[in-house]
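I have placed the structure first, in the form of C-alpha cells, so that the comments after it can refer back to it.
Where a number appears in this text, it was derived from the coordinates with a stated rule and is not lab data. It should be emphasised that the depicted structure is a prediction, and the values quoted were computed from it without experimental measurement. Here the Cβ positions follow ideal geometry from the backbone for every residue, glycine too, while neighbour counts run over all protein chains shown.
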Amino acid sequence: MNRLVLVLMAALPCVLFLGCGYFSASGEAPPAAGVETMPAAEVAAAQPEEAAAAVETKAAEPQLFEPGAFEDPEVCSTCHGKIYDDWSRSMHANAWQNQWYQPDFLLAHQETDGATDLLCGACHAPIAARTGLLPPADGSKFDATSRRGISCDFCHTVTGVEQMFNMGHVSEPGNVKTGPRGDGNSLYHEVKYTEIHTKADFCGSCHMVIHPATGVHIIDTWEDWKSNEYGKQNITCQDCHMTPTPGVSKTPGRAALMGKLRDNLAHHGFVGGSSYIQEALGNQEQAERSREFLRAAAELKLAEQVSADGTLELTVEVHNVGAGHKIPTGTTYIREIWLQVEVKDQAGKVVYSSGHVDDQNHVDPNAVVFRVLFKDAEGNLTPKSWRAHGIGYDRRIPAKGKDSETYRIPLPAKGEYQVTTRLMYRSFTQQSLDEVYQRTGKKLPPVASAEMAAAKTTVRF
C-alpha cells in the first residue's frame, strides 16, 4: 500500500472518526469554523478526490458515551423473545464475533497502523466504537454488550442520520427506545416513533462506505438503490430484508410478550446471501432462507445456434429480477458470482466445461465472474478495501437489468448435446480463506457455493 496514504490515514484521526460518522450525541455535528460542508448526496456523487476532501471537511471531534450506556440484548430478550431469537442468528448479531471478518480487520489494522480500526469497527461493533472501547483492535476492552455486534439498543436508540455514508447515525442511548411505530406501551422503557426507522437511509448509512483517504466508494449499496427503480419507487431495504422469505410481505405477530397483535411483524433476521456462514454457524433455517433470497434474485435465459462447421454459439443472459440493487452488492470485492457452462454429448461425456470448481475448491480462473475489485497504489487489482485507490474491475448485474456472455464452443461430432448453465454465488473466494490460513494458521470451513439460477437446452449438430 502506498506509504503516503498510510501516513495521511494515520495523521487524520478525525477523518477516520468521521469515516465511522457516528460521534454525535444528537442533532448535527457542527462543521469547523469557516468550512462549508458538502451534502451527503453530493459526496456520494463526487469524484474520489472530491469525496475524500468532503469527508475530511465534515470531520468533528468525537462525542463518546459512557461504557454501559447501551442495554445488553439479553435484557431485551425478556419481553421481545421472538425478535431476539431471529436477531441472534443474524449477520448483525455476528458482525464482530465473526471468524471470517476478524482476520482482514486485523490485517488492515497492521497495514495502516490502526487507522482502519474505527472505519471498519464503527459498523461491526458500533457500541464499542461509541463508548470508547474500540480501539484497541483486538477487542480486549469490550464489554459483553459491545461483543454482540449490531444489537437491539444500538438500532433502537438511533434518532436520525446526519450523513449517508460511513455510519452517520445519531445515537441517543437512554430510556427512550425509538422505532417505526411509537404506539406501543412498556413498563420498562418509553417508546417513540422516528421516521428514520421507516426509511432505507437507516440501513444505508452503514451500507455506503467511502474510503476516507482516497474517496473510493468501497460499498455503494445505498447509492445504487437510491438511483434505480426500487429507490425511485421507495421500495426500501426493510421491505425485502425484514421479511423471512421472498414474496412474504406480511407476518402477523407481537413485537413484545404483551404487545399488540400486528398484521406485520418485521423479521429481525435481516436475511441476505450469507448461506455459507449461516451453515457454518449451525443456523440451518437461516441458511435456507439465504438460499431462497439468492434464488429469487436472478434468472438465466439462453439463446443458441450451431453453425455449419459445428460451432455452438451460446449466449447466456443473466437477469437481475429480484434484488433492489446490483448483484452482487455490499462487500462485492470479497464475493463472487460466476457462470458455469457444461456441454455433454449423447453418451454423457463432457465436451466443454467452464466455471467448474477444482479439487482445491477454487473456481475456474477463466470463468465469467461478476464482482468488484479495486486497484491499489501501484495499479494492481486487489480485494482489500483499505488499499483501494480506484475501481479496477466492476462487472455486476444492475437491478432490473441484465448482462450477457457469448460462448463459442466447437462440437466434436454430429449428434445431440445437452447444455447446462448455472449462476453460482459465494460469500468469499476460497483463495481468501486459503490466505487466512497461510497468514494466521486458522483453517476456516471450505467456502460453499450456492446456485442462484439455472437453465438448460438441447442442441443438435
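What does the charge dipole of the chain about its Cα centre add up to, to the nearest 20 debye, if the Cβ of each Lys and Arg holds +1 and the Cβ of each Asp and Glu holds -1?
Values: 43 positive and 56 negative charges, 216 e Å.
Dipole of the chain, to the nearest 20 debye: 1040 debye.
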The answer for Tyr352, listing residues at least 5 apart or on another chain whose modeled amide H is closer than 5 Å to its amide H, is Val343
Whole-angstrom gap from the stretch 199-246 to the stretch 300-364, using each part's C-alpha centre = 28
How big is the Cα convex hull of the stretch 374-461 in projection, averaged over all directions, in nm²?
-> 9.6
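Beyond 23 Å, how much of the Cα-Cα pair distribution for the stretch 106-232 remains, as a whole percent?
Working: 3171 of 8001 pairs.
Result for the distance tail: 40 percent.
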Cα-based Rg and Dmax for the stretch 297-460, where Dmax is the largest Cα-Cα distance (Å) = 17.7, 55
Exceeding the 30 Å Cα-Cα cut-off - candidates Lys375/Lys443; Lys177/Lys226; Lys326/Lys456; Lys260/Lys400; Lys141/Lys443 | Lys260/Lys400
Within 10 Å of each residue's Cβ, count the other Cβ atoms and sort Leu257, Leu444, Leu118, Leu339 from fewest upward.
-> Leu257, Leu444, Leu339, Leu118
Using the Cα atoms as the points, what is the convex hull volume per residue of the stretch 343-396 in Å³?
-> 101
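Sort the stretch 172-234 into rounded, prolate or oblate with this rule: let a ≥ b ≥ c be the square roots of the eigenvalues of the Cα gyration tensor; rounded if a/c is under 1.5, and if a/c is not under 1.5, prolate when a/b is larger than b/c, oblate otherwise. List each step's numbers first, then the result.
Details: a/c = 5.65, a/b = 1.87, b/c = 3.03.
Oblate, since a/c reaches 1.5 and b/c is not below a/b.
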Taking neighbour counts of Cβ atoms within 10 Å as a proxy for exposure, in what order, fewest first, do His362, His197 appear?
-> His362, His197
Taking Cα pairs under 8 Å and at least six residues apart, what relative contact order does the chain come out at, in percent?
-> 14
Pull out the extension gain between His356 and Lys414, defined as 0.36 nm times the separation in residues minus the alpha carbon to alpha carbon distance; nm, one decimal.
-> 18.3 nm
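Please report, to one decimal in angstroms, the Kirkwood hydrodynamic radius of the chain built from all distinct Cα-Cα pairs.
On the way: mean 1/r = 0.0424 Å⁻¹.
About 23.6 Å, per the Kirkwood formula over Cα pairs.
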For the pair Asp394 and Ala303, how long in nm is the line joining their label points, each one 7 Å along Cα→Cβ?
-> 2.7
For the stretch 176-297, what does the alpha-carbon gyration tensor say about shape, rounded, prolate or oblate, given a ≥ b ≥ c as the root eigenvalues, a/c under 1.5 as rounded, and a/b over b/c as prolate?
-> oblate
Ordered by fewest other Cβ atoms within 10 Å, a rough proxy for footprinting exposure, Asp434, Asp359, Asp201 read Asp359, Asp434, Asp201
What FRET efficiency would be calculated for the residue pair Lys442, Asp239, taking the C-beta separation as r and a Förster radius of 41 Å, to the nearest 0.05?
-> 0.65
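For the chain, what does -39500 (n - 2.57) per DSSP helix run (n ≥ 4), summed and divided by total residues, give at 222 nm, in deg cm²/dmol to the nearest 500? Write out the running numbers ahead of the final one.
Details: 17 runs with 125 residues, N = 461.
Here the helix-only value at 222 nm equals -7000 deg cm²/dmol.
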Using +1 on the beta carbon of Lys and Arg, -1 on that of Asp and Glu, and nothing else charged, what's the dipole of the stretch 257-364 about the Cα centre, debye to 20?
-> 680
